[in-house]
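Engineer: The structure follows.
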Amino acid sequence: MTTPTRSSGPAAGDVLVLVGTMKGAFIFSSDKSRRKWRVDGPHFPGEAVYSIAYDSRGGRTRTLVGAHSNHWGSTIRLSDDFGRSWTGPERQAVRFPESSGLSLAQVWQITPGRADEPDVVWCGVEPACLFESRDAGESWEPVQGLLEHEHRPKWMPGGGGLCLHTIVTDPKNKQRMGIAISTAGFYRTDDGGKSWHPRNNGVRAVFLPNKYPEFGQCVHKVVNHPSRPERLFLQNHWGLYRSDDWGESWQDIANGVPSDFGFAMQMHPHDPDTVYIVPIQSDEFRVVPEGKLRVYRTTDAGKSWQPLTGGLPQHQAFENVLRDGLTADSSDPAGIYFGTRGGKLFGSADEGESWQELADALPPICCVKAAVVS
Amino acid sequence: MAISVIVPNALTPYTRGVGTLVVTEPCTTVADALAAVAARLPALTDRVLTEQGELRRHVNVFLGDESIRFLDGLQTTVDEGATITIVPAVSGG
């Protein structure tokens, strides 16, 4: 089905910021200066967009959106023309097999696969499972090793549901990838998805009697850099961690942050030592500490963190940024963007030193992704 | 005689614009009628039923004027000439 919209298309070299909200998707675009932005949307008005992605592999200009209708369920919609038209499968393509007893609630993550597998796309869903597409997002199959995982009966849903929200790949090893589930923790496969093993050694679960279980942690986000995929950074439900061995062990890196609670985490596109986060006061008071909207950045792999506040409100700004609400484009210098539950969208064209408000009254923002049109 | 299935506007993109479907296959229950619809228009019933064949949480189905949630659910029996209406529930935020 194709639904015409009123979008005009960005050109090569332009920067896209794709925003998923509780009431639809918006596409922001700018030339490479990233000073003036055009906005198009809402696409899928009224539907919650928890996942959005842009895929430029294989010569495509494909936007993928996980849209959830409160009435009619969830589906992944595709556009190859920056939202002028959307093609969605007639059938809902992400489907659990009847034998599983499970039904799709939400698509939480869409992640293009490795560069050398341009038709492979992954999506993470609720109830927690990983799906794979081998035709660039047209059709999907569940990854059996997770669908039938022996731990599944013991996984417990977090506040947002039992969701697989994070997918990290390894460009050096096709057999290896990692996923994170709230609340099951971080799991890794070394055999292309056939088997998955918890890798949470050192990650705290404050809400369990056993604070360091094998699995059951509420991991909020994990990131890595393609040039150094074995090193992972993890934002936990309380706790900031780094692993230098693909999750075999984790070390606390909450050095100088106002809170180690938070959701969002973003890798710098070019520097494997630089990571961005947005600390949140606590699990009971999910807003930025002291009413100051601050992005924190480490440039030394977590040995220290510095606040970035230029242009961000520092008084009575009780905002929250969700786990996919912080992103980067691939420009140099990199653009950094984040959206808040209060509907504000901020962007920085200088790696976070100064910020510009791109929108101040969108619906609550669930996810933000950025890309440079090739 | 046949059974009519009235489709909300939001789902007519999946019925080629048709608002009232006519089911002529033999049907004993609402589930039978929806299965007959699914055979022709699977994309429509994807939006009404989950993968497990259950009615979606925020979708209501009426037999005549009565919600099937207050009858026997999808196993509610239907008679020739019945009208089944699919309605989005009052929900949201």
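The values are calculated or read from the model by the stated rules, or taken from the named source; none is laboratory data. Everything numeric here is computed off the predicted structure, so don't read it as measured data. Cβ: placed from backbone, ideal geometry, glycine included. Neighbour counts: every protein chain shown.
Engineer: What's the total number of residues in region A:260-283 that are within 15 Å of A:Asn236 (Cα to Cα) and either free of Cβ contacts under 8 Å to residues at least 40 places away in the same chain or not in a strand (DSSP E or B) (or both)?
Structural biologist: Residues of region A:260-283 that are within 15 Å of A:Asn236 (Cα to Cα), as a first pass: A:260-266, A:275-283.
Still in the running and either free of Cβ contacts under 8 Å to residues at least 40 places away in the same chain or not in a strand (DSSP E or B) (or both): A:260-261, A:279, A:281-283.
Number satisfying all stated conditions: 6.
Engineer: Using the structure shown, decide if A:Phe186 is within 23 Å of A:Lys303 (Cβ to Cβ) and not hydroxyl-bearing (Ser, Thr, Tyr).
Structural biologist: yes
Engineer: Of B:Glu51, B:Glu25, which residue is surrounded by 13 or more Cβ atoms within 10 Å (Cβ to Cβ), among the acidic types (Asp, Glu), more than 9 Å from chain A (Cβ to nearest Cβ) and over 16 Å from B:Ala89 (Cα atoms)?
Structural biologist: Working: B:Glu51 fails: more than 9 Å from chain A (Cβ to nearest Cβ).
After ruling out the rest, the residue left standing is B:Glu25.
Engineer: So, in region A:79-97, exactly how many residues are at the interface with chain B (Cβ under 8 Å from one of its Cβ atoms) and of a type in the set (Phe, Trp, Tyr)?
Structural biologist: 1
Engineer: Taking region A:136-183 as the region of interest, how many residues are in contact (Cβ under 8 Å) with a residue 12 or more places away in the chain, within 21 Å of A:Gly101 (Cα to Cα) and part of a loop (DSSP other than H, G, I, E, B)?
Structural biologist: 11
Engineer: So which residues in region B:42-77 are of a type in the set (D, E, K, R) and farther than 23 Å from A:Ala105 by Cα?
Structural biologist: Answer for region B:42-77, where residues must be of a type in the set (D, E, K, R) and farther than 23 Å from A:Ala105 by Cα: B:Asp65, B:Glu66, B:Asp72.
Engineer: Go through region A:112-143 and count every residue that is over 18 Å from A:Ser51 (Cβ atoms), surrounded by 16 or more Cβ atoms within 10 Å (Cβ to Cβ) and of a type in the set (D, E, K, R).
Structural biologist: 2
Engineer: Say whether the condition of being buried (at least 16 other Cβ atoms within 10 Å of the Cβ) and either modelled with pLDDT under 95 or outside any loop (DSSP other than H, G, I, E, B) (or both) is met by at least one residue in region A:200-215.
Structural biologist: No, every residue in region A:200-215 fails to be buried (at least 16 other Cβ atoms within 10 Å of the Cβ) and either modelled with pLDDT under 95 or outside any loop (DSSP other than H, G, I, E, B) (or both).
Engineer: How many of the residues making up region A:37-70 are more than 14 Å from every other protein chain (Cβ to nearest Cβ) and either assigned to a loop (DSSP other than H, G, I, E, B) or of a type in the set (Lys, Arg) (or both)?
Structural biologist: 7
Yes/no per residue for (1) surrounded by fewer than 20 Cβ atoms within 10 Å (Cβ to Cβ); (2) within 14 Å of chain A (Cβ to nearest Cβ); (3) in contact with a Cys (Cβ under 7 Å, 6 or more places away or on another chain):
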residue: B:Gly17; (1), (2), (3): yes, yes, no
residue: B:Val30; (1), (2), (3): no, no, no
residue: B:Leu34; (1), (2), (3): no, no, no
residue: B:Arg57; (1), (2), (3): yes, yes, no
residue: B:Phe70; (1), (2), (3): yes, no, no
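Engineer: Moving to a separate point now. Yes or no: A:Ser103 at the interface with another protein chain (Cβ under 8 Å from one of its Cβ atoms) and either of a type outside the set (Asp, Glu) or within 20 Å of A:Ala180 (Cα to Cα) (or both)?
Structural biologist: yes
Engineer: If you don't mind, there's one more thing I want to ask. For B:Gly81, which of the numbered conditions (1) within 14 Å of chain A (Cβ to nearest Cβ); (2) in a loop (DSSP other than H, G, I, E, B) fails to hold?
Structural biologist: (1)
Engineer: Follow-up. Can you work out which of the residues in region A:332-374 that are of a type in the set (A, V, I, L, M, F, W, C) and surrounded by fewer than 18 Cβ atoms within 10 Å (Cβ to Cβ) is nearest to A:Val275 (Cα to Cα)?
Structural biologist: Once the filter is applied, the top-ranked residue is A:Val373.
Engineer: Which ones in region B:1-15 are away from chain A (no Cβ under 14 Å) and surrounded by fewer than 18 Cβ atoms within 10 Å (Cβ to Cβ)?
Structural biologist: Start the filter on region B:1-15 by keeping residues that are away from chain A (no Cβ under 14 Å), which leaves B:1-6.
Within region B:1-15, B:Met1, B:Ala2, B:Ser4, B:Ile6 qualify.
Engineer: Specify which of the listed residues (B:Leu44, B:Leu74) is more than 14 Å from chain A (Cβ to nearest Cβ) and modelled with pLDDT of 95 or more.
Structural biologist: B:Leu74
Engineer: Okay, next question. What number of residues in region A:55-73 are surrounded by fewer than 23 Cβ atoms within 10 Å (Cβ to Cβ), touching a residue at least 40 places away in the same chain (Cβ under 8 Å) and among the hydroxyl-bearing types (Ser, Thr, Tyr)?
Structural biologist: 2
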